[in-house]
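Student: Here's a structure for you.
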Amino acid sequence: MKTLERFNKLRKNEAAQELIEICSSLPWVEGIVKNRPITSVEDLLAKAEANWKRLSIKAKQEALEENLSGCTEKEKELALAQKFQTLRDRLESWASN
């Protein structure tokens, strides 16, 4: 829990810098930072998921770090779901320190 306690006390730009290493989507990072304080790992994951759902496809593609324009809708959905699962795993690991 020490990570979350420290994270909640950071300035906005410092908190954003920590999260940008987890996900390169600036809108996603800004959404998490804006929704502090984070009270638990579960709270973080819930806020991360809600924030992810609000992102535009462009912001999600930025998070994927690849262009999905040549993909079918099913391929896009699968790529985004896999990215979000990876994101959840990385957040959980980060927050559990």
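The values are calculated or read from the model by the stated rules, or taken from the named source; none is laboratory data. If you're wondering where the values come from, they're calculated on a predicted model, not measured in any experiment. Positions of Cβ are generated from backbone atoms using ideal geometry, with glycine treated the same way; all protein chains shown enter the neighbour counts.
Student: Say whether the condition of being among the polar types (S, T, N, Q), in contact with a helix residue (DSSP H, G or I) (Cβ under 8 Å, 6 or more places away or on another chain), modelled with pLDDT of 85 or more and surrounded by fewer than 19 Cβ atoms within 10 Å (Cβ to Cβ) is met by at least one residue in the range 82-93.
Tutor: The answer is no, given that none of the residues of the range 82-93 is among the polar types (S, T, N, Q), in contact with a helix residue (DSSP H, G or I) (Cβ under 8 Å, 6 or more places away or on another chain), modelled with pLDDT of 85 or more and surrounded by fewer than 19 Cβ atoms within 10 Å (Cβ to Cβ).
Student: Can Lys60 be described as of a type in the set (Lys, Arg), over 12 Å from the mean Cα position of the chain (by Cα) and either surrounded by 12 or more Cβ atoms within 10 Å (Cβ to Cβ) or outside any helix (DSSP H, G or I) (or both)?
Tutor: No.
Student: Being at pLDDT below 90 and of a type outside the set (Lys, Arg): is that true of Ser40 here?
Tutor: no
Student: Inspect all residues belonging to the range 1-10 and state whether any of them is in contact with a Phe, Trp or Tyr (Cβ under 7 Å, 6 or more places away or on another chain) and surrounded by 19 or more Cβ atoms within 10 Å (Cβ to Cβ).
Tutor: Looking for residues that are in contact with a Phe, Trp or Tyr (Cβ under 7 Å, 6 or more places away or on another chain) and surrounded by 19 or more Cβ atoms within 10 Å (Cβ to Cβ), one finds none in the range 1-10, hence no.
Student: Glu18: within 23 Å of Gln85 (Cβ to Cβ) and either surrounded by 13 or more Cβ atoms within 10 Å (Cβ to Cβ) or under 13 Å from the mean Cα position of the chain (by Cα) (or both), yes or no?
Tutor: Taking the combined requirement at face value, the residue satisfies it.
Student: What is the number of the single condition among (1) surrounded by 14 or more Cβ atoms within 10 Å (Cβ to Cβ); (2) over 21 Å from Thr3 (Cβ atoms); (3) at pLDDT 80 or above that Glu75 does not meet?
Tutor: Looking at each condition in turn, Glu75 falls short on (1).
Student: I would also like to ask the following. I'd like to verify a number: residues in the range 63-81 that are in contact with a helix residue (DSSP H, G or I) (Cβ under 7 Å, 6 or more places away or on another chain) and not in a loop (DSSP other than H, G, I, E, B), how many?
Tutor: Qualifying residue count for the region: 4.
Student: Out of curiosity, is Ile38 of a type in the set (Val, Ile, Thr), surrounded by 14 or more Cβ atoms within 10 Å (Cβ to Cβ) and outside any helix (DSSP H, G or I)?
Tutor: When the stated conditions are applied, Ile38 passes them.
Student: Taking only pairs six or more apart or across chains, which ones have beta-carbon atoms under 7 Å, a first residue in the range 24-45 that is closer than 15 Å to Trp94 by Cα, and a second residue that is in a helix (DSSP H, G or I) and among the acidic types (Asp, Glu)?
Tutor: From residues that are closer than 15 Å to Trp94 by Cα, the pairs are Val41/Glu92; Leu45/Glu92.
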